[in-house]
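Okay, structure first, notes after.
All of the numbers you see were taken from the coordinates with simple rules; none came from a lab. Computed from a predicted structure; not experimentally measured. As a convention, Cβ positions derive from the backbone with ideal geometry for all residues, glycine included, and neighbour counts pool all protein chains shown.
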Amino acid sequence: MSGGVTTGAEESKYQGQEERCVEWKDGKQDGTCTKRAKVDVQCFRRVINLTISVRLLRVADNMPIWSDNKPSRDETTWCQGKAPWRTTEEAVSAMITDLAQKIRLDVRPRVETYKVRFREDRDGMPKDIGNEFKGIVKLSNKDVTSACRQWAELNGRLPNHPSVLYNLGVCAEAAGGYADARAFYRSAQAALPKRSSEMADSADRVDRLMIARADDEERARRPRNPR
């Protein structure tokens, strides 16, 4: 793995307001405050933009197999008489550490436990089928296999409904049928009038699962080095 970091920091002034003491007992500023009010003060804004460019090379032939540019932005403000809560160097160091953790998640295989909820939206369903769909959702809490079977049957009578398609995608994913799950998720997305992060995230997730499975299968086919 190789890469580099580029940074840029800009500091600007702006007119801010702070609540401060404006009157004191007996007129002594080191005495008891008797009145507070919002007053104009000069403030400062520091913006740091940082990008990590990284690529992963295959050792055998030095072929690039993955690359990414990860940006980060940090904005800090403070007013006259005060100081930023961390220096520019400290902010840059923290930003690099945060992006490094994200890169680690991208390139290192990991085991992850996650939960996917069945979709319960019945918009566009006839009332009788909607009631049936609601019953299947309730059944899924105790018998997922039966619920999945009933959703498959319902899909034949109510084709192209996003909730039914999405739930069939969940069923396929749970059974390890990632290609079928991806097809159901994408069909569910296409059946909606606008993009859904739920559908997109699920399709991306099974894409990653398929890549991981293919990688496991390739590693299993490799001859083991004799000791």
Checklist entry - So if we plug the beta-carbon distance of D40 and E11 into 1/(1 + (r/R0)^6) with R0 = 22 Å, what FRET efficiency do we get, rounded to 0.05? => result 0.65
Next on the checklist: Starting from the Kirkwood Rh over alpha-carbon pairs, what translational D in µm² s⁻¹ does region 127-218 have by Stokes-Einstein at 4 °C and 1.567 mPa s?
Outcome noted: 95
Next on the checklist: If the reach is capped at under 15 angstrom between alpha carbons, list the aspartates and glutamates near K38, excluding any in the same chain fewer than eight residues apart.
Outcome noted: E18, E19, E23
Checklist entry - Roughly speaking, what % of Cα-Cα pairs in the chain are separated by over 31 Å, rounded to a whole number? => result 56
Item to check | Residue order, fewest to most beta carbons within 10 Å, for Y185, Y14 | outcome: Y14, Y185
Item to check | Long pairs among K138/K194; K70/K142; K35/K82; K102/K194; K13/K70; K102/K138, criterion Cα-Cα beyond 31 Å | outcome: K70/K142; K102/K138
Item to check | Order of F133, F184 - criterion: other Cβ atoms within 10 Å of each residue's Cβ, fewest first | outcome: F133, F184
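Could you calculate the FRET efficiency of D143 with W66 from 1/(1 + (r/R0)^6), where r is the beta carbon distance between them and R0 is 30 Å, rounded to 0.05?
0.10
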Item to check | Theoretical gain in end-to-end length, K115 to N131 [0.36 nm per residue, Cα-Cα removed] | outcome: 3.3 nm
Checklist entry - Under the rule of -39500 (n - 2.57) per DSSP H run of 4 or more residues, summed and divided by the residues of the chain, what mean residue ellipticity at 222 nm is obtained, to the nearest 500 deg cm²/dmol? => result -14500 deg cm²/dmol
Checklist entry - Using r as the Cβ-Cβ distance of C21 and E89, and R0 as 41 Å, what FRET efficiency do you calculate, to the nearest 0.05? => result 0.75
